[in-house]
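Participant: First, the structure itself, so that you have it in front of you.
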Amino acid sequence: MSEQKTIGVLFIDRFADWEYGLLAASAVEWFGARAVSLTPNGKPVTSASGFVLTPDRSAEVDENTDLDAVAVIGSDQWVDAPPDVSGLLTAIAARGGVVGGICAGTLALARAGLFDKAKHTSNGRDWINEKEPGYPGAQNYQDVPFAVADGRIVSAPGSAPGTFALTYLKTLYPQRSSDVAEMRMLFAKEYAEGEYAEAS
């Protein structure tokens, strides 16, 4: 049996409820990972829908030496009042871990310099350039509506939690491509069958 992977899921106030569920639950239930919740200072945060999350730990580097990967979940706070989590992100990247960001969580990766040499995406080229002008690697932006992986860096727009989960897990578990393909087929059925297909 392969060694269990530990994934940190990083939340800040007003985090987007829809962006982490597929990734965290799939990682634990289908891939046998261990998921831990992080906030910058280890204190509870409130989601966009008003749910309160009490984290397992803070985002301090010395509390997270066991992490194989981290996923930064979006929130408008990454624009309005962003905490500095660069230390954690760069530490995990430096040891070969997977670092991912979705929606405004991609701003944390941009600020940490992780897009400098990595193809990436976000909520739109104009959007990320407006929020983080001149960030390192802006020329590597990919204008696509789904998640992008380059090496161990994964990014996605906020409208793509499905491909974020798939691409993140494919990057973390490259030897389990058949399981990821099965997940993709399962997710795709939602849009290929039923009322949505009839309406299109």
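The values are calculated or read from the model by the stated rules, or taken from the named source; none is laboratory data. Note that the structure is a prediction, hence the values are computed from the model and not measured. Cβ sites come from the backbone with ideal geometry, for glycine too, and all protein chains shown count toward neighbours. For accessibility, only protein heavy atoms count, side chains too; no ligands or nucleic acids. Shrake-Rupley method; radii C 1.70, N 1.55, O 1.52, S 1.80 Å.
Participant: Using +1 on the beta carbon of Lys and Arg, -1 on that of Asp and Glu, and nothing else charged, what's the dipole of the chain about the Cα centre, debye to 20? If you can, show how the numbers build up before the last one.
Facilitator: Values: 16 positive and 26 negative charges, 100 e Å.
Charge dipole, the chain, about its Cα centre: 480 debye, nearest 20.
Participant: Only bridges with both residues in the stretch 28-115 count here: give the DSSP antiparallel percent, nearest 5. Before the final figure, lay out the partial values.
Facilitator: Details: 2 of 8 bridges.
Approximately 25 percent, going by the DSSP bridge assignments.
Participant: Below 19 Å, Cα to Cα, which lysines can Lys170 reach? Residues fewer than 8 away in the same chain don't count.
Facilitator: Result set, ordered by chain and number: Lys5, Lys119.
Participant: What does the extension gain come out to for Lys117 and Thr90, with contour length at 0.36 nm per residue minus their alpha carbon separation?
Facilitator: Values: separation 27, 0.36 × 27 = 9.72 nm, distance 1.35 nm.
Gain on stretching Lys117 to Thr90: 8.4 nm.
Participant: Continuing with this model, one more query. For Asp17 and Asp56, compute 0.36 nm times the residue count separating them, minus their Cα-Cα distance, and round to one decimal in nm.
Facilitator: Numbers: separation 39, 0.36 × 39 = 14.04 nm, distance 1.75 nm.
Extra length available between Asp17 and Asp56 comes to 12.3 nm.
Participant: I've got another one for you. Debye sum, Cα scatterers, the stretch 79-136, no solvent: what log₁₀ I/I(0) at q = 0.16, 0.19, 0.23 1/Å?
Facilitator: Log-scaled intensity ratios, in q order: -0.45, -0.63, -0.93.
Participant: Hey, another quick one. Let's see if you can work this out: charge +1 on each Lys and Arg Cβ, -1 on each Asp and Glu Cβ, no other charges. What is the dipole magnitude of the stretch 113-178 about its Cα centre, in debye to the nearest 20?
Facilitator: The calculation lands at about 340 debye.
Participant: Let me ask something else. Once Lys and Arg get +1 and Asp and Glu get -1 on their Cβ, which of Pro174, Thr121, Phe187 lies farthest toward the positive end of the dipole of the stretch 91-200?
Facilitator: Farthest towards the positive end: Pro174.
Participant: A further question follows. Could you do me a favour and compute the accessible area per residue for the stretch 1-108, 1.4 Å probe, result in Å²? Display every interim value, and only then the final one.
Facilitator: Numbers: 4630 Å² over 108 residues.
Per residue, the stretch 1-108 has an accessible area of 43 Å².
Participant: Would you mind pulling out the separation of the Cα centroids of the stretch 96-122 and the stretch 156-192, in Å?
Facilitator: Cα centres, the stretch 96-122 to the stretch 156-192: 18 Å.
Participant: A follow-up question, please. Tell me the label-point distance for the pair Lys43, Ala188, using the 7 Å Cα-to-Cβ offset, in nm and rounded to one decimal.
Facilitator: 4.6
Participant: Further question on the same structure: For an R0 of 25 angstrom, estimate the FRET efficiency from the Cβ-Cβ distance between Gln175 and Asp66 and round to the nearest 0.05.
Facilitator: Numbers: r = 21 Å, r/R0 = 0.83.
Once rounded, the FRET efficiency stands at 0.75.
Participant: For the pair Val28 and Arg125, how long in nm is the line joining their label points, each one 7 Å along Cα→Cβ?
Facilitator: Placing both labels 7 Å beyond Cα along the Cβ direction yields 4.0 nm.
Participant: Antiparallel as a % of all DSSP beta bridges within the chain, to the nearest 5?
Facilitator: Of all bridge pairs located within the chain, approximately 20 percent are antiparallel.
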